[in-house]
1. For the stretch 106-124, how many residues are more than 30 Å from Glu212 (Cβ to Cβ) and at pLDDT 85 or above?
2. Going residue by residue through the stretch 349-363, is there one that turns out to be part of a loop (DSSP other than H, G, I, E, B), surrounded by fewer than 13 Cβ atoms within 10 Å (Cβ to Cβ) and at pLDDT 90 or above?
3. I'd like to verify a number: residues in the stretch 68-88 that are in contact with a Leu (Cβ under 6 Å, 6 or more places away or on another chain) and more than 30 Å from Arg257 (Cα to Cα), how many?
4. Need pairs with beta-carbon distance below 9 Å; first residue within 17 Å of Gly71 (Cβ to Cβ) and within the stretch 229-245, second among the polar types (S, T, N, Q) and part of a loop (DSSP other than H, G, I, E, B); sequence gap 6+ or separate chains.
5. Exactly one of these conditions fails for Arg136: (1) surrounded by 14 or more Cβ atoms within 10 Å (Cβ to Cβ); (2) in a helix (DSSP H, G or I); (3) modelled with pLDDT of 85 or more. Give me its number.
6. In the stretch 99-116, how many are in a loop (DSSP other than H, G, I, E, B) and surrounded by 15 or more Cβ atoms within 10 Å (Cβ to Cβ)?
7. Restricting the search to the stretch 223-259, which residues are farther than 18 Å from Ala75 by Cβ, assigned to a loop (DSSP other than H, G, I, E, B) and not β-branched (Val, Ile, Thr)?
8. Which one of these does Pro85 not meet: (1) exposed (fewer than 13 other Cβ atoms within 10 Å of the Cβ); (2) part of a loop (DSSP other than H, G, I, E, B)?
Amino acid sequence: MARGVSGLRKLGQGLATLAVVAVSVGAVAGGAGLIAGSAAPVSHVAPAPVPVAAMAVEMSAGYTVTRRFTGQIEAAARTDLGFEPGGRVRQVLVEEGDLVAEGQVLALLDTSILIPERAALEADLAALAADAELARLTLARSDALTERGVRSVAAQDDARLALQRAEAGMAAIRARIAGVDVRLDQSVLTAPFAARVGARLADPGQTVAPGERVLVLFDAAPARARIGLPPDLAAGLSVGDAVMVDLGGSVQAATIRQIRPDLDPATRSRAVVLTLPSRPEAVLGNTVALILEQRVEEPGFWAPLSGLREGVRGSWSVMALEQTPQGDRTVPAAVEVIHTEGARVYLRGQLPPGARIVAESPDRVASGQLVLAALAVGAAR
């Protein structure tokens, strides 16, 4: 009996095992079907062309370089004024910055010593004039008496010599008076030309030495600028040429007044003197920039700085576009940077006229990639 129960238990375990195996086989078969279904071939979709901004290459025989040279503004003329005789300053009639006319009185020296001296000389001159008149009358009477034989010839000679001595003394006195007048004239400072007072170096009551500076005048004529240029550039300019200068942030026209024939030993440059426009912003001593355009004959083309790609060892390239049946395709082209100007560069490379290049962000596309090119307006301007 026990042996029969044990047999039935073994039979039930065997049937359960068969059921599990059947379920496992079904699951494996279903998984294989799913895997086979997922392995079915899928159709390939080509990537869409990348839109890029492009520009056409316009070849040029050369380019123009704008160069700036800095100089200093100076007056057309500068004069240091002082009293020749020296003495005590009586009055200064102008202030710094005043505009004065030619011949205007600017300062006076104390002449209280010269006035009585001149008066004394005039008194001496009057006395000698009286002596001369007396000698003239004596000579006239002596001539009349000598003709009648009443007076001797010696007396006549004495009268003549007395007149000559009086006249000589008068001449000497007149010369001394003229000397005093010169000193009086030198005690008055006048403007030699229309000018602006730059500096006032003496005040009333101050004693100045002969020739010591009292006032500094700057010519009221339009200011000038002195600018050093390389000899080759200066040789291409001529007196009277109109040039452009940057004066206080404002670009204005100026005229070349003079070109020095020698070189500055320190800078090895030639000085060019410009006549500036008569504007208030031309402050003496301020800086001014001369703007010159220089033509460089070098074949090449302009491109935007954003169209350059940096390579290894300092090399540069642009991404050119070639037409294919599938559309525009990118091709790298080596170039050489000749000149930079703001946001554009002047390049030299083996690109034919009319060739198109990527004008912006060429690193976004790879070599051989299809792109959708759109014209970039003003890309190389």
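The values are calculated or read from the model by the stated rules, or taken from the named source; none is laboratory data. What you are looking at is a predicted structure, and each value in this text was computed from that prediction instead of being measured. We place every Cβ from the backbone using ideal geometry, glycine too, and count neighbours over all the protein chains shown.
1. Initial filter on the stretch 106-124 (more than 30 Å from Glu212 (Cβ to Cβ)): 122-124.
Next, only the ones that are at pLDDT 85 or above stay: 122-123.
Residues that pass the stated criteria total 2.
2. The initial filter retains those residues of the stretch 349-363 that are part of a loop (DSSP other than H, G, I, E, B), namely 350-355, 359-361.
If we keep only those that are surrounded by fewer than 13 Cβ atoms within 10 Å (Cβ to Cβ) too, we end up with 350, 352-354.
Next cut, at pLDDT 90 or above only: none.
Scanning the stretch 349-363, I find no residue that is part of a loop (DSSP other than H, G, I, E, B), surrounded by fewer than 13 Cβ atoms within 10 Å (Cβ to Cβ) and at pLDDT 90 or above, so the answer is no.
3. Residues of the stretch 68-88 in contact with a Leu (Cβ under 6 Å, 6 or more places away or on another chain): 69, 73, 75, 79, 81, 83, 87.
Now restrict to residues that are more than 30 Å from Arg257 (Cα to Cα): 83, 87.
Residues meeting the conditions: 2.
4. Leu229/Ser269; Pro230/Ser269; Pro231/Ser269; Ala234/Ser269
5. Failing condition for Arg136: (3).
6. Taking the stretch 99-116 as the starting set, the residues that turn out to be in a loop (DSSP other than H, G, I, E, B) are 101-104, 110-113.
Keeping just the survivors that are surrounded by 15 or more Cβ atoms within 10 Å (Cβ to Cβ) gives 104, 110-111.
Of the residues in the stretch 99-116, 3 are in a loop (DSSP other than H, G, I, E, B) and surrounded by 15 or more Cβ atoms within 10 Å (Cβ to Cβ).
7. Pro230, Gly236, Leu237, Ser238, Gly240, Asp241, Gly249
8. Here Pro85 clears every test but (1).
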